[in-house]
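Q: For reference, the structure I am asking about is given below.
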Amino acid sequence: MKYIVEKGINHVLLDTPSVDKEQDGGKLLAHHAFWQYPQNTNTFRTITELVFINDEIKDGIYLLNLQVAAFENDAAPSDRFYFN
C-alpha cells in the first residue's frame with residue numbers, strides 16, 4: 001500500500017472484501033497506510049472493495065464516476081456498478 005501511495009494513486013478499486021487480512025486483530029495496516037492515518041490523514045482518497053469487473057474488460061485507463069454518500073463516518077456505501 002505504501003507503494004500505491006508513493007505512486008500518487010488516490011482511488012483504489014478491488015474485487016476482494018478488503019485490502020487488509022481477514023483477521024489482523026483490528027490493525028487495518030493497509031487502510032491506515034493508504035490514508036496515512038493518523039499522522040497525515042488524507043480524506044480525499046477512496047478504497048472501493050468488492051467491485052465486479054467482467055474478465056472481458058481489458059486492462060487500461062478508464063473514467064470512473066464514483067459517487068459516495070456524504071456520511072460523516074469512516075465508511076460509506078457507493079452505488080453498485082459493473083464494468084461489462
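Values quoted throughout were computed directly from the atomic coordinates according to the rules given, and no laboratory measurement underlies them. A quick note: this is a predicted structure, and the numbers were derived from the prediction, not measured. With ideal geometry, Cβ positions are generated from the backbone for all residues, glycine too; neighbour counts draw on all protein chains shown.
Q: Helix-only mean residue ellipticity at 222 nm, the chain, DSSP H runs n ≥ 4 weighted -39,500 (n - 2.57), per residue, nearest 500. What is it?
A: Result for the chain, helices only: -3000 deg cm²/dmol.
Q: List every residue whose amide H lies under 5 Å from the amide H of Val12, counting only residues 5 or more places away in sequence or on a different chain, with H placed 1.01 Å from N in the peptide plane.
A: When sequence neighbours closer than 5 places are left aside, the close amide H contacts are Thr46, Ile47, Thr48.
Q: Please report, in whole Å, how far the alpha carbons of the chain spread along each principal axis, starting with the longest.
A: So the extents along the principal axes, rounded to whole Å, are 39, 28, 27.
Q: Identify the chymotrypsin sites (Phe, Trp or Tyr not before Pro) of region 1-50 meeting these criteria: DSSP loop state and at most 11 other C-beta atoms within 10 Å of the C-beta.
A: The qualifying sites are Phe44.
Q: If we count other beta carbons within 10 Å of each Cβ, what is the order of Leu28, Leu50, fewest first?
A: Going from least to most buried by this count: Leu50, Leu28.
Q: What are the ³J(HN,Hα) values, in whole Hz, obtained from phi via the Karplus relation 6.51 cos²θ - 1.76 cosθ + 1.60 with θ = phi - 60°, for each residue of region 26-31 in sequence order, with x given for Gly and Pro?
A: Each residue of region 26-31 in turn: x, 6, 6, 4, 5, 4 Hz.
Q: Which of Asp55, Asp15, Asp74 moves most in a GNM of the chain, Cα contacts under 10 Å?
A: Looking only at Asp55, Asp15, Asp74, the biggest GNM fluctuation is shown by Asp74.
Q: Give the cross-link partners of Lys58 among the aspartates and glutamates, using a straight C-alpha distance below 16 Å as the criterion and excluding same-chain residues fewer than 8 apart.
A: Asp15
Q: If you filter the chain for trypsin sites (Lys or Arg not before Pro), then keep DSSP loop positions with at most 14 other Cβ within 10 Å, what is left?
A: Lys7, Lys21, Lys27, Lys58, Arg80
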